[in-house]
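Participant: Just dropping this structure here.
The values are calculated or read from the model by the stated rules, or taken from the named source; none is laboratory data. This one's a predicted model, so the numbers in the text were calculated from it and none came from an experiment. Counting neighbours? That spans all protein chains shown, and the Cβs are built from the backbone with ideal geometry, glycine included. Accessible surface areas use protein heavy atoms only, side chains included; no ligands, DNA or RNA. Shrake-Rupley method; radii C 1.70, N 1.55, O 1.52, S 1.80 Å.
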Amino acid sequence: MIMNDRPLILLAGRQVDAIVQPLIDAGFAVRLLTRDSTAGSSAERIELAEGGLAEASTIRRAARGCSGALAAPAAVNEAGNIIRVLAGTEVELLVIAGEKYRETLQKYARDLGSDPVFIAAETITSSIELFRRELMY
């Protein structure tokens, strides 16, 4: 979905704070899935969605209208949740920051008809170029 002429990106999980402003600067709108309702409240153009990666219903609700998603899950079950919930939705590009259990998660995703991109957590800002290439029309 395009929000105010900007593709909307869902951010969820640990370490995503570092990419909020760079995504906005690159022309994206940002929705942050967080348990902290005050997170990012001072930043402009950040939409908050309460919840976490452990709950499928909060992921589903937060992802509505998003063109892309970046998740930095703390555990394999959180990664599996976001892959399962977003498979077959309007989210065109799912990026998972973290390579632990990558092969298992890739197989799981393929079985669901999904093809997330995995990046090393320490290179989380590299996802900006992925979103730009795939979602900026």
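Participant: Mean residue ellipticity at 222 nm from the helices of the chain, using -39,500 (n - 2.57) per DSSP H segment of n ≥ 4 over the full residue count, to the nearest 500 deg cm²/dmol?
Facilitator: It lands at -10000 deg cm²/dmol.
Participant: For residue 18 and residue 121 in one chain, what is 0.36 nm times their gap in residues minus the Cα-Cα distance, to one decimal in nm?
Facilitator: 36.0 nm
Participant: Modelled label-to-label distance, residue 90 and residue 134, 7 Å Cα→beta-carbon offset: nm?
Facilitator: 1.7 nm
Participant: Suppose we take every Cα in the chain and form the convex hull; what volume per residue is that in Å³?
Facilitator: It is 91 Å³ per residue.
Participant: How much net charge surrounds residue 124 when only other residues with a Cβ under 13 Å from its Cβ are counted (Lys, Arg +1; Asp, Glu -1)?
Facilitator: The answer is -3.
Participant: Less than 18 Å from a label point 7 Å out along the Cα-to-Cβ axis of residue 26: which backbone N atoms in the stretch 74-112 qualify, by residue?
Facilitator: 91-99
Participant: Check residue 64: other-chain or 5+ apart residues with amide H under 5 Å from its amide H, H built from backbone geometry?
Facilitator: So residue 64 has HN proximity to no qualifying residue.
Participant: Tally Lys and Arg at +1 and Asp and Glu at -1 over the other residues with C-beta under 14 Å from the C-beta of residue 87: what net charge comes out?
Facilitator: Here the charged neighbours net out to 0.
Participant: Something else about it: At a 1.4 Å probe radius, carbon and sulfur cover how many percent of the accessible area of the chain?
Facilitator: On the chain, the fraction of accessible area on carbon and sulfur atoms equals 47 percent.
Participant: For a quick protection proxy, order the peptides 5-14, 74-83, 100-109 by their average other-Cβ count within 10 Å, most packed first.
Facilitator: 5-14, 74-83, 100-109
Participant: With r defined as the distance between the Cβ atoms of residue 55 and residue 100 and R0 fixed at 30 Å, what FRET efficiency is calculated, to the nearest 0.05?
Facilitator: The pair residue 55/residue 100 has a calculated efficiency of 0.90.
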